[in-house]
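Trainee: For reference, the structure I am asking about is given below.
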Amino acid sequence: MKTPHNWYNLSQAATLESLKTQDTGLSSDEANQRLATYGPNLLPAPHRKSALARFAQQFHNLLIYILLLAGVITAILEHWIDSGVIIAVVLINAIIGYIQEGKAEKALEAITHMLSLEANVIRNGKQLSIPAENVVPGDIVTLQSGDKVPADLRLLRTRDLRIDEAILTGESLPADKSEDTCESDVPLGDRHCMAFSGTLVTYGTATGVVVETAANTEIGQISEMLSDVRILETPLLRRIGEFARWLTMAILIITSMTFIFGISVQNFSMTDMFIAAVGLAVAAIPEGLPAIITITLAIGVQAMAKRKAIIRRLPAVETLGSVTTICSDKTGTLTCNEMTVKSISTSDNQYDVSGVGYAPHGKVTEANNQVELSDAPVLNQLTQAALLCNDAVVHSTTGIWQVNGDPTEGALVTLAIKAGLQHDQQAAQHPRLDAIPFESEHRFMATLHHDHQGRHFMFLKGAPERLLEMCDLQRTVGGDTPIDKTYWESQMHNMAVQGQRVLAIACKEMPNSLELTFSDTEKDLVLLGIVGMIDPPRTEAIDAVKACHSAGINVKMITGDHATTASAIGKALGIGDGQTVLTGNEIDSMTNEQLKACIDDIDIYARTSPQHKLRLVEILQSKGHIVSMTGDGVNDAPALKRADVGVAMGMKGTSVAKETSEMVLVDDNFASIVNAVEEGRTVYDNIKKAIIFILPTNGGEALTIIAAIALGRLLPITPVQILWVNMITAVTLALALAFEPAERGVMQRPPRDPSEPLLTGFLIWRVIFVSLILVSGTFGLFILERDAGASIEYARTVAVNMLVVFEIYYLFNSRFIYEHSLRIETFTGNRFAIYAVLILICFQVLFTYAPPLQVLFSTAPLTIASWGNILVTGVSVFVLVEIEKFFFRNRQLRNNKHNIKT
Ligand code: ATP
């Protein structure tokens with residue numbers, strides 16, 4: 001099979017023959033053997049940059065260039081220790097960046113693998129779902145709309161099949177496919193009898209035989225397509241990059257001005273001023289910030305994955321924090337997707353059904369008396385149709401009954417068994433010839449059967465309004481009579497007000513055809529009855545909706561279900577007022593302006609189809625909302641793409657929906673979206689915390705040097721000491737902030753305005769405020785020590801330790817941006833903060849007392865009295881920042897009250 005076949009020129013029979021397989025698929029043993037021979041169906045790992053190239057990348061940063069320049073200048077001035085330490089710091093910084101980035105990338109990669117692809121194959125004559133990597137040449141694969149093709153296939157049977165092959169051909173319109181052999185050598189885009197690995201089925205169904213797997217597939221041969229490496233770049237990181245460039249320019253200008261000032265006004269020597277300028281540049285550069293932000297994002301993504309939300313595109317982490325509206329599907333997301341039929345109406349009778357879940361334990365009763373199908377011919381036909389116009393299977397594993405397939409259909413299977421029918425027997429007596437599968441667009445499913453007396457008939461089930469339009473007659477015990485729409489509408493209403501999902505079931509005698517077309521469903525249908533099934537709301541969704549409301553997030557339910565059912569379920573969940581509902585038809589009849597005027601007041605949208613979702617997202621966005629939209633089908637893709645955060649369902653979602661979304665919910669649960677929003681807000685907070693923690697250190701150091709030059713004094717901290725402080729605090733204290741848990745009120749405040757700049761006025765103020773405290777304390781103690789006759793080494797050691805102790809105190813302020821830190825959790829809430837402080841203390845002891853470090857950094861051992869001064873002075877930053885927070889909190893409260901009044 002390794003010789004390149006023109007599979008598309010081969011007839012079906014020749015293809016099957018050449019692959020030694022048949023229509024009923026391979027046996028499991030044969031498949032296992034082939035798996036061992038051909039290997040797993042995985043594409044070769046994308047080409048990654050070499051370790052050396054990734055390490056070199058760490059130096060490609062303007063700030064690092066300045067540091068390297070500083071290293072060269074100090075070397076020219078023969079300040080060997082200075083230049084050695086600068087180079088060492090740059091290297092250590094690169095190593096840390098390399099390791100952290102590698103870890104972040106691995107974490108993200110591991111998360112992508114959680115989204116493994118499944119393939120539907122036929123083996124031993126039975127349909128089963130297996131991991132796509134276990135597919136082997138010769139396997140028979142079935143495809144339906146929404147699937148990603150798992151390997152290269154020669155198509156055997158198709159039904160209206162259309163495939164999006166853009167990743168291979170660049171063609172944006174889906175290609176029509178058929179099973180007919182291509183007669184000549186045609187280009188890839190025209191090989192209509194083939195389906196290629198990695199392409200997406202947008203419509204129809206098909207069966208095909210696997211001809212190539214893994215690297216032998218068309219996609220496997222285009223290696224550059226495979227470099228689907230995650231880029232650790234988000235709008236926020238870009239903005240930080242811009243900020244870094246801006247900061248570099250500012251540093252260069254200030255440094256040059258200080259240099260000129262020092263030489264011309266203070267008459268410092270050229271060499272001294274060079275060293276001071278290097279110190280200033282080094283002081284002002286926040287070397288650790290980019291790595292801390294990347295790590296914070298990666299930790300956030302991991303935290304979300306733990307809470308069942310998988311981020312597919314990194315920028316979504318940030319966007320999630322500013323989501324103002326979540327539009328959610330109902331079935332399975334807000335509800336449990338565990339359907340149980342509770343009521344049945346035929347034209348003569350109303351029945352109740354007992355039992356819970358999919359377990360076929362329960363009875364069909366009429367006025368509390370059990371009903372036998374032999375006494376109720378219409379009910380008999382209805383349950384038969386419900387069982388046969390159905391693709392679901394219910395089965396029990398270790399006593400728990402589960403459904404394979406669509407839960408709505410599973411509920412009907414359970415109903416039929418409760419009523420006394422047996423699936424295998426019914427299927428044998430009425431073999432299925434053809435089917436029109438259910439799609440949200442047409443809202444019904446139809447199947448064509450025959451019996452062994454030569455009669456053909458169609459069963460149809462679907463949304464009742466749809467079926468009422470299609471049926472002219474209704475079945476009664478005495479025969480078929482004209483349909484009484486008023487009766488059925490009132491029956492439907494009675495079920496829907498109880499939150500039941502209503503389905504109508506119909507049948508039709510057919511001529512002896514083997515195929516079903518849409519025109520067959522248009523007339524002469526006889527309504528058998530309607531069934532109502534419950535699907536309880538998820539309890540965690542009720543709490544999540546509450547959480548959204550207190551977080552200023554609007555929740556909208558967009559469902560294909562009936563308006564009355566939707567509003568009853570909405571009421572149970574706390575969405576909408578239990579009355580106001582807009583239906584798909586009403587949306588169609590409204591202009592954009594009309595819809596815009598009412599969209600904020602309506603939370604439930606019923607009987608919608610996927611196109612409505614797109615329109616709703618667009619209108620919401622035009623009103624300034626940041627929208628998260630859920631979806632599962634192929635037709636949801638445009639809305640998912642358009643939404644700010646498209647959310648696909650991990651369990652029932654199609655590959656197409658997953659590929660177009662930013663986030664995938666492992667458990668399809670609405671509560672997981674809300675958890676992800678909470679994590680998104682926390683990540684943004686933590687990035688802010690890292691910024692307001694790191695920048696004042698740089699500000700304080702830079703100001704200390706500028707002050708020394710302005711006052712014509714010796715530098716209180718040397719460039720190498722500054723580098724020590726920057727590096728040691730970044731890898732301990734600042735990193736601890738990346739692990740900060742969510743603040744208590746994180747879901748009690750309104751969403752963040754996405755246009756809000758990274759450095760808000762408040763953040764800039766905080767940086768300046770703390771920088772000033774740091775410079776006063778550090779410079780102050782330095783002068784005190786010098787005036788008291790201490791050596792320059794001693795006074796500088798005091799200054800460095802003062803700066804570090806300030807940072808330790810300030811870390812505990814920074815754990816909460818606005819909230820006060822005078823509480824026990826300040827010291828217990830994040831154990832990493834405590835570890836970081838302990839490690840930092842050890843480093844400072846070494847820095848002060850270890851002889852090799854004393855030589856490297858020109859430090860001197862300190863007395864207890866100096867330590868006492870340092871520790872007491874350090875408290876000032878904690879107290880002053882807390883007073884500042886108190887002032888801002890009060891001001892904000894006053895503003896809020898004012899806003900509420902006006
Ligand atoms: P949501 O968009 O919240 O998931 P939904 O699952 O209720 O909503 P659809 O799946 O589009 O929406 O279903 C719409 C209607 O189609 C249902 O109310 C039901 O009447 C009918 N329906 C659903 N599933 C089937 C099915 N398998 N066969 C026939 N009719 C169905």
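The values are calculated or read from the model by the stated rules, or taken from the named source; none is laboratory data. Quantities reported herein were computed from a predicted structural model and do not represent experimental measurements. Because the Cβ atoms are built from the backbone with ideal geometry, glycine has one as well, and the counts that use them run over all protein chains shown. All accessible areas refer to the heavy atoms of the entire protein, side chains included, with ligands and DNA or RNA removed. Shrake-Rupley method; radii C 1.70, N 1.55, O 1.52, S 1.80 Å.
Trainee: Calculate the FRET efficiency for Gln144 and Gln611 from the Cβ-Cβ distance with a Förster distance of 25 Å, rounded to the nearest 0.05. Don't skip to the answer; put the middle values down first.
Mentor: Details: r = 21 Å, r/R0 = 0.82.
The calculated FRET efficiency here is 0.75.
Trainee: Taking +1 at the Cβ of each Lys and Arg and -1 at the Cβ of each Asp and Glu, which of Val879, Gly355, Phe827 sits farthest along the dipole of the chain towards its positive end, judged by Cα position relative to the Cα centre?
Mentor: Sorting the options by dipole projection puts first Val879.
Trainee: Cα centroid distance between the stretch 317-387 and the stretch 429-488, in Å?
Mentor: 18 Å
Trainee: Residue-wise, which Karplus ³J(HN,Hα) couplings in Hz belong to the stretch 294-308, taking 6.51 cos²θ - 1.76 cosθ + 1.60, θ = phi - 60°, and x for glycine or proline?
Mentor: Those phi angles translate into 4, 5, 4, 4, 5, 5, x, 5, 5, 4, 5, 4, 4, 9, 6 Hz.
Trainee: Here's something else I'd like to know. Kindly provide the GluC sites (Glu not before Pro) of the stretch 127-224 that DSSP labels as loop, not H, G, I, E or B, and whose Cβ sees at most 14 other Cβ atoms within 10 Å.
Mentor: Values: sites: Glu133, Glu165, Glu171, Glu179, Glu183, Glu212, Glu218, Glu224; in loops: Glu165, Glu171, Glu179, Glu183.
When the GluC sites (Glu not before Pro) of the stretch 127-224 are filtered for loop state and at most 14 Cβ neighbours within 10 Å, Glu171, Glu183 remain.
Trainee: Whose amide H sits under 5 Å from the amide H of Arg123, counting only residues 5 or more places off or on another chain, with H placed in the peptide plane?
Mentor: HN-HN under 5 Å from Arg123: Leu128.
Trainee: Another one. Nothing charged except the Cβ atoms of Lys and Arg (+1) and of Asp and Glu (-1): what's the magnitude of the dipole of the chain about its Cα centre? Round to the nearest 20 debye. Don't jump to the answer; show the numbers that get you there.
Mentor: Numbers: 72 positive and 94 negative charges, 663 e Å.
Value, rounded to 20: 3180 debye.
Trainee: Let me check I've understood the local charge: for Ala132, count other residues with C-beta under 11 angstrom from its C-beta, Lys and Arg +1, Asp and Glu -1. What total comes out?
Mentor: Details: positive: Lys148; negative: Glu118, Glu133, Asp139, Asp147.
Neighbour charge sum, excluding Ala132 itself: -3.
Trainee: Under a point-charge model restricted to the Cβ atoms of Lys and Arg (+1) and Asp and Glu (-1), what is the dipole moment magnitude of the stretch 656-798 relative to its Cα centre, in debye to the nearest 20? If you can, show how the numbers build up before the last one.
Mentor: On the way: 11 positive and 15 negative charges, 115 e Å.
Once rounded to the nearest 20, the dipole reads 560 debye.
Trainee: Next up: Would you please name the GluC sites (Glu not before Pro) within the stretch 448-546 that are DSSP coil residues with at most 10 other C-beta atoms within 10 Å of their C-beta?
Mentor: Working: sites: Glu465, Glu469, Glu489, Glu509, Glu515, Glu522, Glu540; in loops: Glu515, Glu522.
Passing sites in the stretch 448-546 are Glu515, Glu522.
Trainee: How big is D, in µm² s⁻¹, for the stretch 538-604 by Stokes-Einstein at 4 °C and 1.567 mPa s if Rh is the Kirkwood radius over C-alpha pairs? Working shown, then result.
Mentor: On the way: Rh = 12.6 Å.
For the chosen part, D equals 103 µm²/s.
Trainee: For the stretch 644-707, just run the numbers: alpha carbon Rg, then divide by 2.2 N^0.38 Å, N being how many residues it has. Each step should come with its number before you reach the end.
Mentor: On the way: Rg = 20.0 Å, N = 64, 2.2 N^0.38 = 10.7 Å.
Ratio of Rg to 2.2 N^0.38 Å for the stretch 644-707: 1.87.
Trainee: Taking Cα atoms of the stretch 767-902, Rg/Rh with Kirkwood Rh, to two decimals?
Mentor: 1.10
Trainee: Which of the listed residues, Ala298, Met273, Leu334, is farthest toward the dipole's positive end in the stretch 256-335, when Lys, Arg count +1 and Asp, Glu count -1 at the beta-carbon?
Mentor: Leu334
Trainee: Name the long-range amide H neighbours of Glu212: under 5 Å, sequence gap of 5 or more, or other chain; modelled H, no Pro or chain starts.
Mentor: Placed amide hydrogens put Asp152 under 5 Å from Glu212.
Trainee: Taking Lys546 as the anchor, which lysines have their alpha carbon closer than 17 Å to its alpha carbon, excluding any fewer than eight residues away along the same chain?
Mentor: Partners within reach: Lys330, Lys556, Lys571.
Trainee: Based on the Cβ-Cβ distance of Gln127 and Ser440, what FRET efficiency does E = 1/(1 + (r/R0)^6) give at R0 = 25 Å, to the nearest 0.05?
Mentor: Numbers: r = 23 Å, r/R0 = 0.93.
E(calc), rounded to 0.05, equals 0.60.
Trainee: Loop-only check: which trypsin sites (Lys or Arg not before Pro) in the stretch 809-881 are DSSP coil with at most 15 other Cβ within 10 angstrom?
Mentor: On the way: sites: Arg815, Arg823, Arg831; in loops: Arg815, Arg823.
Sites meeting the loop and neighbour criteria: Arg823.
Trainee: Same structure again: Would you mind telling me the share, in percent, of accessible area of the stretch 277-432 contributed by carbon and sulfur at probe 1.4 angstrom?
Mentor: On the way: 2630 of 5490 Å².
After summing per-atom areas, the C and S share lands at 48 percent.
Trainee: Report D for the stretch 237-376 in µm² per second (integer): Stokes-Einstein, Kirkwood Rh on Cα pairs, 37 °C, 0.692 mPa s.
Mentor: In µm²/s, the coefficient is 144.
Trainee: Taking only protein heavy atoms into account and a 1.4 Å probe, give the accessible area per residue of the stretch 553-672 in Å². Could you put the intermediate results ahead of the total?
Mentor: Working: 3970 Å² over 120 residues.
It amounts to 33 Å² per residue over the stretch 553-672.
Trainee: If the reach is capped at under 18 angstrom between alpha carbons, list the lysines near Lys177, excluding any in the same chain fewer than eight residues apart.
Mentor: Leaving aside lysines fewer than 8 places away in the same chain, those within reach of Lys177 are Lys148.
Trainee: Another one. Can you list residues whose amide H is under 5 Å from Ala175's amide H, if they're 5+ apart or on another chain and H is modeled 1.01 Å from N?
Mentor: When sequence neighbours closer than 5 places are left aside, the close amide H contacts are Ile163, Asp164, Glu165.
Trainee: Which shape class, rounded, prolate or oblate, goes with the stretch 461-507 when its Cα gyration tensor gives a ≥ b ≥ c as root eigenvalues, a/c under 1.5 marks rounded, and past that a/b bigger than b/c marks prolate?
Mentor: Values: a/c = 2.10, a/b = 1.65, b/c = 1.27.
Judged from the Cα gyration tensor, the stretch 461-507 comes out prolate (a/c at least 1.5, a/b above b/c).
Trainee: Given labels modelled 7 Å from the Cα in the Cβ direction, how far is it in nm from Ser513 to Gln453?
Mentor: 2.3 nm
Trainee: Of Met495, Ile436, Ser345, whose Cα points farthest to the positive end of the dipole of the chain (charges on the beta-carbon: +1 Lys, Arg; -1 Asp, Glu; origin at the Cα centre)?
Mentor: With unit charges placed on the Cβ atoms, the residue in question is Met495.
Trainee: Tell me, what is the percent relative contact order of the chain, built from C-alpha pairs under 8 Å that lie six or more residues apart? Mind dumping the intermediate values first?
Mentor: Working: 1657 pairs, mean separation 104.9, N = 902.
Relative contact order for the chain comes out at 12 percent.
Trainee: Residue by residue, what Karplus-based ³J(HN,Hα) values in Hz, rounded to whole numbers, does the stretch 341-346 have, using 6.51, -1.76 and 1.60 with θ = phi - 60° and x for Gly and Pro?
Mentor: Listing the rounded values in order: 6, 10, 9, 9, 10, 10 Hz.
Trainee: If a/c stays under 1.5 just call it rounded; otherwise compare a/b with b/c (prolate if a/b is bigger, oblate if not). Do that for the stretch 355-484, with a ≥ b ≥ c from the square roots of the Cα gyration tensor eigenvalues. Spell out each step's value before the answer.
Mentor: Values: a/c = 1.42, a/b = 1.19, b/c = 1.20.
Judged from the Cα gyration tensor, the stretch 355-484 comes out rounded (a/c under 1.5).
Trainee: Lys20: which aspartates and glutamates have alpha carbons under 18 Å from its alpha carbon, excluding same-chain residues fewer than 8 sequence positions away?
Mentor: In chain and number order, the partners are Asp29, Glu30, Asp139, Asp152, Glu212.
Trainee: Normalise the Debye intensity by I(0) for the stretch 685-764, one equal point scatterer per Cα, no solvent, then take log10 at q = 0.12, 0.15 Å⁻¹ and round to two decimals.
Mentor: Log10 of I(q)/I(0), two decimals: -0.51, -0.70.
Trainee: Let me ask another. Can you give the direction-averaged projected area of the convex hull of the alpha-carbon atoms in the stretch 124-165, in nm²?
Mentor: Values: hull surface 14.4 nm².
Value for the stretch 124-165: 3.6 nm².
Trainee: Ok, one more. Would you please put 67-75, 758-766 in order of how densely packed they are, using the mean number of other Cβ atoms within 10 angstrom per residue and starting with the highest?
Mentor: Details: 67-75: 19.3, 758-766: 14.8.
Packing order, densest peptide first, comes out as 67-75, 758-766.
Trainee: Using only alpha carbons, build the gyration tensor for the chain and give me the equivalent ellipsoid semi-axes, biggest first, whole Å.
Mentor: Numbers: eigenvalues 887, 224, 92 Å².
Three semi-axes, in Å: 67, 33, 21.
Trainee: A further question follows. If you fit an axis through the alpha-carbon atoms of helix 485-496 and take the longest principal axis of the Cα set of the chain, what angle between them do you get, 0 to 90°, nearest 10?
Mentor: 40 degrees
Trainee: Rounded, prolate or oblate for the stretch 345-397? Axes are the square roots of the Cα gyration tensor eigenvalues, ordered a ≥ b ≥ c, and the cut-off for rounded is a/c under 1.5. Walk me through the numbers before you get to the answer.
Mentor: Details: a/c = 2.41, a/b = 1.34, b/c = 1.79.
Note, shape of the stretch 345-397 comes out oblate.
Trainee: Now for a separate question. Can you run phi through the Karplus equation (6.51, -1.76, 1.60; θ = phi - 60°) for the stretch 770-776 and list ³J(HN,Hα) in whole Hz, with x for Gly and Pro?
Mentor: Result, rounded to whole Hz: 5, 4, 5, 4, 4, 5, 4.
Trainee: Let me ask something else about it. Accessible area per residue for the stretch 295-377 in Å², computed with a 1.4 Å probe and the full protein assembly in place, what is it? Kindly include the intermediate steps, with their values, before the conclusion.
Mentor: Working: 2980 Å² over 83 residues.
Per-residue accessible area for the stretch 295-377 comes out at 36 Å².
Trainee: I would also like to ask the following. What's the ranking of 566-573, 347-354 by average number of surrounding C-beta atoms within 10 Å, highest first?
Mentor: Numbers: 566-573: 22.4, 347-354: 17.4.
Listed from highest to lowest mean packing, they are 566-573, 347-354.
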